[in-house]
1. Kindly list, by first and then second residue, each pair from a residue in the stretch 149-163 that is touching a residue at least 40 places away in the same chain (Cβ under 8 Å) to a residue that is part of a loop (DSSP other than H, G, I, E, B) and open to solvent by 80 Å² or more (accessible area, probe 1.4 Å), limited to pairs with Cβ atoms under 6 Å and residues at least 6 apart or on different chains.
2. Sort out which residues of the stretch 152-175 are within 16 Å of the chain's Cα centre (by Cα) and either within 28 Å of Pro25 (Cα to Cα) or in a strand (DSSP E or B) (or both), and write them in order of number.
3. Among the residues of the stretch 49-68, write down those that are among the aliphatic types (A, V, I, L, M) and open to solvent by 20 Å² or more (accessible area, probe 1.4 Å).
4. Among (1) closer than 26 Å to Glu196 by Cα; (2) modelled with pLDDT under 95, which single condition is Thr55 missing?
5. Considering Leu138, Leu121, Leu78, which residue is crowded, with 17+ Cβ neighbours inside 10 Å, among the aliphatic types (A, V, I, L, M) and out of contact with any helix residue (DSSP H, G or I) (no Cβ under 7 Å at 6 or more places or on another chain)?
6. Within the stretch 150-172, how many residues turn out to be surrounded by fewer than 19 Cβ atoms within 10 Å (Cβ to Cβ) and farther than 30 Å from Gly120 by Cβ?
7. Report every pair of residues separated by at least 6 positions or lying on different chains whose Cβ atoms are under 7 Å apart, first residue within the stretch 215-242 and among the small types (Gly, Ala, Ser) and surrounded by 15 or more Cβ atoms within 10 Å (Cβ to Cβ), second in a helix (DSSP H, G or I) and at pLDDT 95 or above.
8. So, in the stretch 96-118, of the ones that are within 16 Å of Ala27 (Cα to Cα) and open to solvent by 50 Å² or more (accessible area, probe 1.4 Å), which residue ends up nearest to the chain's Cα centre (by Cα)?
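The values are calculated or read from the model by the stated rules, or taken from the named source; none is laboratory data. These figures come from a predicted structure and were not determined experimentally. Here Cβ is always computed from backbone atoms with ideal geometry, including for glycine, and neighbour counts include all displayed protein chains. SASA here: full protein model, heavy atoms, side chains in, ligands and nucleic acids out. Shrake-Rupley method; radii C 1.70, N 1.55, O 1.52, S 1.80 Å.
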Amino acid sequence: MLRYIMILMAAGVSASCSTVPSEHPVAVTLRLNSDSYEMGEPVEATVAVTNRGETELVAPALDNSTLKFYWGQPGTSLRLRRNPILPADSPTRARVIPPRGVTSRTFLFTRLTPEAGEWGLMAALTGCVVNDGKDGQLLPTCYSEPGRFTVTDVVKFRRDAQSGIITKQQAMALARARAGVAEGHPARGVLVPLGESALCMWTVFLGGGPGPTGASDCYAVNAYTGVVKSTDLTETSEEGKE
């Protein structure tokens, strides 16, 4: 399978169609929200599953248990798995797709743009079953064609290389920019877990220095997308780690 993936990625073909033979009852396509990103910028990838047959298709829950994403540079042999950002407590379910029907899901990735260059991402889906009214027919793994994109040398966000979340220094810089204060304005960042989801967010406290903000200014920084929102200090939990 790895050799097959390497050949597909090296080919560098368009992301608009599937690599499966035309007679295969399932087509998997992958589309990116852009063909160019800055370093550290998150990537959205939409995976669509099309039933090309004349019988109902049962598609598995589109999550990390059934979809595998492979990322690398076209023309090279290195291929790495990259998981999208998904909450641990997110409910998943199989989907029944009628003949010629389509189902899709959009995924957020934070570790696809670590450095400048040409890159590619492809998806592999397992667990599709043809509903023939009996026991069903389990189909082989279906691959999308690689979606190619460029990463420029401009830095959008600085991220932790392992987790993919925005660093504390980056979160504090984003909060300062939102508040309109100087780069050296006092700030404190706290990483806060989001319930049982296994996800987190940065809470940044600004204050203790001159400027338009006061000691009680508080901002919520999305650890994955970098979106900054002003928040009420009384509603912010300080649980987490600095």
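1. Phe149/Asp35
2. Of everything in the stretch 152-175, those that are within 16 Å of the chain's Cα centre (by Cα) and either within 28 Å of Pro25 (Cα to Cα) or in a strand (DSSP E or B) (or both) turn out to be Arg159, Ile166.
3. Answer for the stretch 49-68, where residues must be among the aliphatic types (A, V, I, L, M) and open to solvent by 20 Å² or more (accessible area, probe 1.4 Å): just Val58.
4. In the conditions (1) closer than 26 Å to Glu196 by Cα; (2) modelled with pLDDT under 95, Thr55 misses (1) alone.
5. Among Leu138, Leu121, Leu78, only Leu121 is crowded, with 17+ Cβ neighbours inside 10 Å, among the aliphatic types (A, V, I, L, M) and out of contact with any helix residue (DSSP H, G or I) (no Cβ under 7 Å at 6 or more places or on another chain).
6. So the answer is 1.
7. If the second residue must be in a helix (DSSP H, G or I) and at pLDDT 95 or above, the pairs left are Gly226/Leu174.
8. Within the stretch 96-118, the match that is nearest to the chain's Cα centre (by Cα) is Arg105.
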